[in-house]
Amino acid sequence: MTRTSIMLAAALFATCVSAPQLSVAAEPKASLYERLGGTGPITAVVGKFVSNVAADKRINGWFAKADIPNLKRQLVDQVCQASGGPCTYTGKSMKETHKGMKITTAAFNALVEDLVQALDTFNVPEQEKGELLSVLGPMKSDIVEIP
Ligand code: HEM
């Protein structure tokens, strides 16, 4: 082997070894709704979430007069739709719903903690937990009135 052919062989080897794997028939990624397990698991997480909120002294005052069964239904539809599932959220907009409630950033963060706890109770993986929180996070500016 000449010096040049050795270098060529080495370059070829390096290319083959470092070449990215091309998947010919990549599976389309399942929607977040599907990866969460569909309506059943979403309903279970929402149920636990609302019971965490009801037990959370930092924020449960806001929910003293709430229609809890309606709130759960609306949240299930909202999470189902926002995660790409076959539901339609028919409730009011986040801005209209929370208007005048004087919700603080601290209250918003407490509610997110209660949601994370519910997701952890059902061992929802980090990836899906993160995706769901990034779907809900942008609603903050429509909900919080007192920074
Ligand atoms: C990402 C965060 C939040 C989401 C996705 C969310 C979602 C919702 C939804 C879907 C409803 C029902 C709307 C309807 O019936 O048309 C609702 C109602 C309500 N939310 Fe929120 N909310 C959030 C944060 C908060 C926070 C931080 C508070 C207070 C600490 C709060 C307090 C309430 C109250 C008091 C109601 C009314 C319940 C009733 O009168 O029956 N929400 N929310």
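The values are calculated or read from the model by the stated rules, or taken from the named source; none is laboratory data. Quantities reported herein were computed from a predicted structural model and do not represent experimental measurements. All Cβ positions, glycine included, derive from the backbone under ideal geometry; neighbour counts span all protein chains shown. Accessible surface areas use protein heavy atoms only, side chains included; no ligands, DNA or RNA. Shrake-Rupley method; radii C 1.70, N 1.55, O 1.52, S 1.80 Å.
Go over the candidates Lys95, Lys102, Lys48, Lys140 one by one and state the one that is basic (Lys, Arg), on the phi > 0 side of the Ramachandran plot and in contact (Cβ under 8 Å) with a residue 24 or more places away in the chain.
Numbers: Lys95 fails: on the phi > 0 side of the Ramachandran plot; Lys48 fails: on the phi > 0 side of the Ramachandran plot; Lys140 fails: on the phi > 0 side of the Ramachandran plot.
The unique qualifying residue is Lys102.
Go through the range 132-144 and give me each residue that's exposed (fewer than 14 other Cβ atoms within 10 Å of the Cβ) and not hydrophobic (A, V, I, L, M, F, W, C).
Kept after step one, since they are exposed (fewer than 14 other Cβ atoms within 10 Å of the Cβ), are these residues of the range 132-144: 133-134, 137-138, 141.
Correct list: Ser134, Gly137, Pro138, Ser141.
Quickly run through the range 90-119 and pick out the residues that are farther than 15 Å from Ile143 by Cα and either of a type in the set (Lys, Arg) or open to solvent by less than 70 Å² (accessible area, probe 1.4 Å) (or both). Before you say what the answer is, go through the steps one by one.
Step one: filter the range 90-119 for residues farther than 15 Å from Ile143 by Cα, giving 90, 113-119.
Within the range 90-119, Asp114, Leu115, Val116, Ala118, Leu119 qualify.
How about the range 95-133: which of its residues are among the small types (Gly, Ala, Ser), in a helix (DSSP H, G or I) and within 11 Å of the ligand (Cβ to nearest atom)? Steps first, please.
Residues of the range 95-133 that are among the small types (Gly, Ala, Ser), as a first pass: 100, 106-107, 110, 118, 130.
Restricting the remaining residues to those that are in a helix (DSSP H, G or I) gives 106-107, 110, 118, 130.
Across the range 95-133, the qualifying residues are Ala106, Ala107, Ala110.
Of the residues that sit in the range 47-89 and are in a loop (DSSP other than H, G, I, E, B) and within 8 Å of the ligand (Cβ to nearest atom), which one is surrounded by the most Cβ atoms within 10 Å (Cβ to Cβ)?
Of all residues in the range 47-89, those in a loop (DSSP other than H, G, I, E, B) come to 56-59, 64-67, 83-89.
Then drop every residue that is not within 8 Å of the ligand (Cβ to nearest atom), which leaves 59, 65-67, 89.
Working: Ile59: 20, Lys65: 5, Ala66: 13, Asp67: 10, Tyr89: 15.
If we take residues in the range 47-89 being in a loop (DSSP other than H, G, I, E, B) and within 8 Å of the ligand (Cβ to nearest atom), then Ile59 is surrounded by the most Cβ atoms within 10 Å (Cβ to Cβ).
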